[in-house]
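The values are calculated or read from the model by the stated rules, or taken from the named source; none is laboratory data. Bear in mind the structure is a predicted one, so any value in this text is a computation, not a measurement. Cβ: placed from backbone, ideal geometry, glycine included. Neighbour counts: every protein chain shown.
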Amino acid sequence: MTEEMDLILVHPSKEIEEDAVKYKKEHFDYGDMQVHGSGGLAFFDDYDEWLDRVTLIREGDPQNGVQTSTFFSKRLSDGKLIGCVKIHHSLTVDMKSGGHIAYGIRPSERGKGYGNKQLQLCLEYAREQHMRQVIIACDKSNIASAKTAMSCGGILTKEFEEDGVWKQHYAIDLAGL
Ligand SMILES: CC(C)(COP(=O)(O)OP(=O)(O)OC[C@H]1O[C@@H](n2cnc3c(N)ncnc32)[C@H](O)[C@@H]1OP(=O)(O)O)[C@@H](O)C(=O)NCCC(=O)NCCS
């Protein structure tokens with residue numbers, strides 16, 4: 001980790017509620033309808049309910065057994081929450097088109113290299129979990145997302161149309177990391 005990019009992944013907790021609520025508000029103020037990579041933070045009015053949900057599925061979703069880890073990335077120099085990233089440890093057939101990893105960076109911090117660094121940290125975590133390959137799905141029109149995947153070694157493996165939207169899959173092999 002370089003000094004200029006002092007980013008770490010932290011699990012959501014009660015302690016960071018105030019910062020997480022500000023993080024969410026910044027998205028709404030910017031016009032984003034969702035908080036990307038957060039596992040639906042935008043759709044929960046109650047932080048505790050969201051926290052309970054992401055804590056539960058870290059161990060395994062009771063519906064399908066899939067473990068999903070959700071993180072904020074935090075800048076060490078000032079403690080600011082910079083982004084959100086979530087990773088499914090496995091995929092059911094129904095989940096395949098959405099891929100393993102989803103990510104977002106707060107609007108005021110986009111375009112500064114944090115998306116790349118946050119994804120690198122998530123890939124390190126995936127490797128620690130003995131995952132061999134991850135798929136990142138993005139809308140074909142989302143150039144920033146595609147470039148973020150590619151900046152971490154993502155290789156375009158598939159383009160497909162879903163609900164009238166063109167999507168892409170980028171595969172990242174973790175064995176070589
Ligand atoms: C996608 C997102 C996470 C990228 O994070 P970021 O911090 O802005 O990205 P970085 O600064 O690390 O840049 C990563 C790459 O994307 C490119 N990029 C970033 N923003 C871009 C933009 N608006 N247009 C074109 N390319 C862009 C960078 O040039 C870099 O590519 P390079 O390695 O070839 O130089 C961020 O833009 C975001 O939160 N977008 C909204 C949420 C979203 O779309 N999430 C993905 C869907 S799951």
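A few points about this structure:
- Whenever a residue of the range 69-94 is exposed (fewer than 12 other Cβ atoms within 10 Å of the Cβ), its partners that are not in a strand (DSSP E or B), lying with C-beta atoms within less than 6 angstrom and at least six residues away or across chains, give the pairs Ser77/Asp6.
- Among residues of the range 1-28 being exposed (fewer than 11 other Cβ atoms within 10 Å of the Cβ) and of a type outside the set (Lys, Arg), the one that is nearest to Gln67 (Cα to Cα) is Glu15.
- Condition broken by Tyr125, with the remaining ones in (1) assigned to a helix (DSSP H, G or I); (2) within 11 Å of the ligand (Cβ to nearest atom) satisfied: (2)
- Flag for Gly104 being in a strand (DSSP E or B), within 21 Å of Gln34 (Cβ to Cβ) and modelled with pLDDT of 95 or more: yes
- Restricting attention to the range 78-92, the residues being of a type in the set (A, V, I, L, M) and either away from the ligand (no atom under 12 Å from the Cβ) or at pLDDT below 95 (or both) number 2.
- Subset of the range 98-116 [in contact with a strand residue (DSSP E or B) (Cβ under 8 Å, 6 or more places away or on another chain), over 12 Å from Ala144 (Cβ atoms), touching a residue at least 60 places away in the same chain (Cβ under 8 Å) and small (Gly, Ala, Ser)]: Gly99, Ala102
- Filter result (at pLDDT 95 or above, out of contact with any strand residue (DSSP E or B) (no Cβ under 8 Å at 6 or more places or on another chain) and not acidic (Asp, Glu)) within the range 132-177: Asn142, Ile143, Ala144, Lys147, Ser151, Gly164
- Gly154 falls short on exactly one of the conditions (1) in contact (Cβ under 8 Å) with a residue 24 or more places away in the chain; (2) touching a helix residue (DSSP H, G or I) at 6+ places or on another chain (Cβ under 9 Å), and that condition is (1).
- You will find that of Ser141, Ser108, the residue that is in contact with an Asp or Glu (Cβ under 8 Å, 6 or more places away or on another chain) and within 14 Å of the ligand (Cβ to nearest atom) is Ser108 and no other.
- Summed over the range 54-68, residues that are crowded, with 19+ Cβ neighbours inside 10 Å and outside any strand (DSSP E or B) total 2.
- If only residues of the range 32-53 that are within 15 Å of Ile105 (Cβ to Cβ) and part of a loop (DSSP other than H, G, I, E, B) are counted, the one that is nearest to the ligand (Cβ to nearest atom) is His36.
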